[in-house]
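The values are calculated or read from the model by the stated rules, or taken from the named source; none is laboratory data. Computed from a prediction, not measured in an experiment: that's the story for all the values here. Heads up, the Cβs are rebuilt from the backbone with ideal geometry, glycines too, and the neighbour counts pull from every protein chain shown. Ligands, DNA and RNA are stripped out before the accessible areas are found, and what is left, the full protein with its side chains, is counted by its heavy atoms. Shrake-Rupley method; radii C 1.70, N 1.55, O 1.52, S 1.80 Å.
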Amino acid sequence: MATEQLAAEPAVPSLVDRYFTRWYKADVKGKPCEDHCVLQHSNRVCVITLAESHPVLQSGKTIESISYQISTNCSRLQNKVSGKFKRGAQFLTELAPLCKIYCSDGEEYTISSCVRGRLMEVNENILHKPSILQEKPSTEGYIAVVLPKFEESKSITEGLLTQKQYEEVVVKRINAATATS
């Protein structure tokens, strides 16, 4: 009887599902299955994470390290934001690299911003404990927080996929893989 009552009650949506809209970028920079997720809040703040189908989350890989050092002259850790107008924030384009993930099997993945805007913060916790990127990619394992320009906040989702469109892309990939094997 108690189990029937539990089954009848709707599940409470998570904090992410309640307050954020999920947008996806499939095959970032033409690399198959390297999908990123953008969690957009109603206040236009975007949280960049890995999509569920990203190879780092799928194939039981072990993350060796994560680096926010993009080039010899550019480190996302040097981003210092201050004040009402977010002075000092690094400006990002859609394809700007945020970090690099190095796996124990020698694979290297570059995570891109996917949205234009100012870099508000990077998640330094994943540097010390990379496993949270795999365990909780939508919450504690996020990559970075980006604030789009106000006038661009409506148009940032134009190149991104909705949850339903993204699920269709993943199903097509699975069907194509099973057809070839």
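Here are some notes:
- Length gained when the stretch K129-E94 is fully extended (0.36 nm per residue, less Cα-Cα span): 9.9 nm
- Between V81 and V12, the FRET efficiency from the beta-carbon distance, with R0 = 45 Å, is close to 0.85.
- Local charge for S155 was computed over the other residues whose Cβ lies under 14 Å away, with Lys and Arg +1 and Asp and Glu -1, and equals 0.
- Based on C-alpha pairs under 8 angstrom that are at least 6 apart in sequence, the chain has a relative contact order of 22 percent.
- Among the protein heavy atoms of the chain, carbon and sulfur supply 53% of the accessible surface, probe 1.4 Å, non-protein parts ignored.
- Computed with a 1.4 Å probe on the full set of protein chains, the accessible area for R87 sits at about 150 Å².
- Full extension of the chain between T178 and T62 yields a length gain of 39.2 nm, computed as 0.36 nm times the residue separation minus the alpha carbon distance.
- Cβ crowding within 10 Å averaged over residues, with 98-110, 26-38 ranked highest first: 26-38, 98-110
- A 1.4 Å probe run over the protein chains yields, for the chain, 58 Å² of accessible area per residue, whole-number rounding.
- For the chain, the equivalent ellipsoid built from the Cα gyration tensor has semi-axes of 27, 22, 18 Å, listed from largest to smallest.
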